[in-house]
Amino acid sequence: MTSTRGDHAIGNTIGVEILGSGSHLPETRLTNADLEKVMETSGEWIVKRTGIEERRIAQWDKGEKSSTLATGALQKALDDAKVTAEELDMVLVATMTPDMPTPNVACIVTKNLGCRTISAIDLNAACSGFVFSISTAAMIMQSGLYRTVGLVGVDCLTTHIDYTTFGRGAAILFGDAAAAMVLRTSDNPSKGMLAHKMHSDANGSEHLFIPATREDFPKLDDYEERKLSKVQMNGQAVFKFAVSKFQQVIAETLEEAGISADEVDHFICHQANSRILDSARARFGIPEEKLLINIHSYGNTVAASAPLVFDELAQAGRIKPGQKVMFLAFGAGLTWGSSLWQL
Ligand code: UT7
């Protein structure tokens, strides 16, 4: 699916502002040295091939799971925005790792925070989930339906990792986290989403999936019981897809908005592998300060990844009114997309 929106200002009187952000990370660190103890790998290899030094891992027996991380992140975003939970009209949570099939994470978050009986929706598009969610929230808000929205990206994918040499391709990459934002409509229509792209191609779904049953394996011969409920990834195929689609989606979003890469103040990118981000920087001549890489500290945190970058920039005082920021992500599905904002 491709969905785009042209000139933000045309025919639109409602703007959308990002009022605040916050993030919440599990306490426990999983370092490359920890991984060396349980599988055939080396810290040197991991840093060279991915840029990752450590990640966080949620301890479910201590109550750390998607709903608790999401609640913590949204509470911090509300505090940052100086908005109360009662003011929220919708909570939209991007996740592929809900605590359980139902209730969804968004419902649990509204209960934990003491929201009214508002709209509470989970959106699953794997690592693209947050970028698809911020575009979806913007479109709903620009329609005038909701004024104040809590948006969260959260994932605890480490529960689906095989921490043995068999699973090392994925084991080194993923970490758990939540990051959130509070959005509010504005009577200044120049603020908000300028352009967006949402793409999917399920022909590549076999390269990154979590099988629930034997029948979920595209090739039945690949089935082994130990693989059930664990990430199955063809790292090289996903890497090639990511490098090409990342560059393509930046180009088409700039074209849609009618601006050049120089006019974007921050490229807020899903952190999957620092080499993928380096390739985009080289292709568009993006200086280091415009594309923050924080993968060394957190690994790939799936739907939390892009908002975690935004929050780090915001807390450092580097997000300013009038800037243009482009959110970008790609992931399982396969999915990929962008959301370009005028702050
Ligand atoms: O959000 C989207 C999620 N996924 C991604 O973005 C994943 C994208 N892919 C990647 O980041 C990379 O493909 C990986 C980091 C997963 C793997 O890196 P690579 O450079 O593509 O490695 P490779 O699969 O081509 O393997 C190269 C070598 C192989 O050894 P031989 O056959 O050359 O002797 C692998 O067995 O590296 C070996 N290898 C490892 N060695 C140490 C693979 N994984 C590891 C490991 N530690 N963890």
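In whole Å, how far is the Cα centre of segment 5-83 from that of segment 234-304?
17
Might you report the magnitude of the Cβ-based charge dipole of the chain about its Cα centre, with Lys and Arg at +1 and Asp and Glu at -1, to the nearest 20 debye?
Details: 32 positive and 41 negative charges, 37 e Å.
Roughly 180 debye, rounded to the nearest 20.
GLU215 to GLN59: FRET efficiency via 1/(1 + (r/R0)^6), r the Cβ-Cβ distance, R0 41 Å, to the nearest 0.05?
Working: r = 32 Å, r/R0 = 0.79.
So the FRET efficiency works out to roughly 0.80.
Around ARG147, what is the net charge, scoring Lys/Arg as +1 and Asp/Glu as -1 over all other residues with Cβ under 12 Å from its Cβ?
Surrounding charge for ARG147 is -3.
Around ALA94, under 11 Å between beta carbons, what's the net of Lys plus Arg minus Asp minus Glu among the other residues?
Its environment carries a net charge of -2.
Which pairs, out of LYS65/LYS227; LYS76/LYS191; LYS65/LYS320; LYS76/LYS227; LYS290/LYS320, put more than 25 Å between their alpha-carbon atoms? Working shown, then result.
Numbers: LYS65/LYS227 22 Å; LYS76/LYS191 23 Å; LYS65/LYS320 32 Å; LYS76/LYS227 37 Å; LYS290/LYS320 13 Å.
Table pairs above 25 Å Cα-Cα are LYS65/LYS320; LYS76/LYS227.
Which net charge results for the neighbourhood of TRP341, defined as the other residues with beta-carbon distances under 11 angstrom from its beta-carbon, given Lys and Arg at +1 and Asp and Glu at -1?
Summing Lys/Arg as +1 and Asp/Glu as -1 gives 0.
List the residues of segment 117-136 whose backbone N lies under 20 Å from a point placed 7 Å from the Cα of GLU87 along the Cα-to-Cβ direction.
117-120
Given a Förster distance of 45 Å, report the FRET efficiency between ALA282 and THR28 from their Cβ-Cβ distance, rounded to the nearest 0.05. Don't skip to the end; give the middle numbers.
Numbers: r = 35 Å, r/R0 = 0.78.
Rounded to the nearest 0.05, the efficiency is 0.80.
Between ILE108, ILE172, LEU92, whose Cα lies farthest towards the positive end of the dipole of the chain when Lys and Arg beta carbons carry +1 and Asp and Glu beta carbons carry -1, centred on the Cα centre?
LEU92
Please check which bits of segment 10-43 a label hung off ARG226 would reach, taking the label as a point 7 Å along Cα-to-C-beta and the cut-off as backbone N under 15 Å.
38-41
Give the relative contact order (percent, whole number) for the chain; include only Cα pairs under 8 Å separated by 6+ residues.
Once normalised by length, the contact order is 26 percent.
Looking only at segment 22-176, where both bridge partners belong to it, what percent of the DSSP beta bridges are antiparallel (to the nearest 5)?
Counting DSSP beta bridges with both partners in segment 22-176, the antiparallel share is about 25 percent.
Which one of THR213, THR97, THR84 has the biggest mean-square fluctuation once the chain is modelled by GNM with Cα springs under 10 Å?
Judging by the Gaussian network model, the answer is THR213.
With axes computed from alpha carbons, what is the tilt in degrees of helix 129-142 against the longest principal axis of the chain, rounded to the nearest 10 within 0 to 90?
With rounding to tens, the tilt is 20 degrees.
Rounding to the nearest 10 and keeping the result within 0 to 90°, find how far the Cα-based axis of helix 274-284 lies from the longest principal axis of the chain.
Helix 274-284 sits roughly 40 degrees off the main axis of the chain.
Looking at the chain as a GNM with Cα springs under 10 Å, which of GLY235, GLY22, GLY175 has the largest mean-square fluctuation?
Greatest mean-square fluctuation among the candidates belongs to GLY235.
Label points 7 Å out from Cα along the Cβ direction at LYS37 and SER205: separation in nm?
Distance between the two pseudo-spin positions: 3.9 nm.
Show me the GluC sites (Glu not before Pro) within segment 40-132 that DSSP assigns to loop and that have at most 12 other Cβ atoms within 10 Å of their Cβ.
Loop-located and lightly packed - GLU40.
Which residue, LYS191, LYS82, LYS219, has the most motion in a Gaussian network model of the chain that connects Cα atoms within less than 10 Å?
Highest fluctuation of the listed residues: LYS219.
Can you say what percent of the DSSP beta bridges in the chain, counting only those with both residues inside, are antiparallel? Round to 5.
70
Using a probe radius of 1.4 Å on heavy atoms only, what accessible surface per residue do you get for the chain? Whole Å² is fine.
Averaged over the residues of the chain, the accessible area is 41 Å².
Checking the cross-link filter: which aspartates and glutamates have an alpha carbon closer than 17 Å to that of LYS230, excluding same-chain neighbours under 8 positions apart?
Excluding near neighbours in sequence, the set is ASP99, ASP155, ASP162, ASP176, GLU206, GLU215, ASP216, ASP221, ASP222.
Taking the chain as the reference, fit the longest principal axis to its C-alpha atoms, fit the long axis of helix 305-315 to the helix C-alpha atoms, and give the angle between the two in degrees, 0 to 90, nearest 10.
Result, in degrees: 50.
Tell me, what is the percent relative contact order of segment 288-343, built from C-alpha pairs under 8 Å that lie six or more residues apart?
26
The values are calculated or read from the model by the stated rules, or taken from the named source; none is laboratory data. Just so it is clear, the structure is predicted and the values come from calculations on it, not from any experiment. Virtual Cβ from ideal backbone geometry, glycine too; neighbours counted across all protein chains shown. Heads up: the accessible areas ignore ligands, DNA and RNA and are worked out on the full protein's heavy atoms, side chains in. Shrake-Rupley method; radii C 1.70, N 1.55, O 1.52, S 1.80 Å.
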